[in-house]
1. For residues that are in a helix (DSSP H, G or I) and polar (S, T, N, Q), scanning just the range 104-142, find the one that is farthest from Ser23 (Cα to Cα).
2. Select from the range 24-72 the residues that are charged (D, E, K, R), farther than 17 Å from Leu87 by Cα and either surrounded by 10 or more Cβ atoms within 10 Å (Cβ to Cβ) or modelled with pLDDT of 95 or more (or both) and list them in ascending order.
3. In the range 73-98, which residues are surrounded by fewer than 24 Cβ atoms within 10 Å (Cβ to Cβ) and outside any helix (DSSP H, G or I)?
4. Which condition breaks for Ile110 when tested against (1) exposed (fewer than 13 other Cβ atoms within 10 Å of the Cβ); (2) at pLDDT 95 or above; (3) under 18 Å from Phe6 (Cα atoms)?
Amino acid sequence: MIGRQFELMIFKRKGKELGLTFSERPSETDQRAKRSKKKEVKIWGLPFKVMTETLLSTLKKQGYRATELSPNRKEPFSLNEISGVRLGLLFFTLKPLRKVGRMEEIVAGIDRMSDEEAYYWYSKCTNGRNALRSRKALRILLSEE
């Protein structure tokens, strides 16, 4: 059985600032996923910079080189299930934040999570009417502010 598939696409913002689009590709076998839209979130600026070390580490585990994270790259980075789940949590929780200290606490907290805990929070943060509340709850849990 093949797990869920995730991908990262690079995009350029004004000037030379890079951004990333995180998305989950619908499963070929899941009928509900075929009808639903892809889960997608974009991140750039300060949140992108705070999570860069974790991002590069994840890409290295997936067989990519750090130099491949450049504005010239056209094809998406393909991620396995657990790497996609962890990066997805970072994207969903860091995007609305502005305080660097709080972002760093969240990155460290997600890195410390067990795989099961990461899957639990990813499912809460992406599905249903309460996804936004779940994202806020995770931010409060990991950075108490």
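1. Among them, the one singled out is Ser134.
2. Correct list: Asp30, Lys34, Glu68.
3. Within the range 73-98, Arg73, Lys74, Glu75, Pro76, Phe77, Ser78, Asn80, Lys95, Pro96, Leu97, Arg98 meet the criteria.
4. Of everything listed in (1) exposed (fewer than 13 other Cβ atoms within 10 Å of the Cβ); (2) at pLDDT 95 or above; (3) under 18 Å from Phe6 (Cα atoms), Ile110 misses just condition (1).
The values are calculated or read from the model by the stated rules, or taken from the named source; none is laboratory data. Bear in mind the structure is a predicted one, so any value in this text is a computation, not a measurement. Counting neighbours? That spans all protein chains shown, and the Cβs are built from the backbone with ideal geometry, glycine included.
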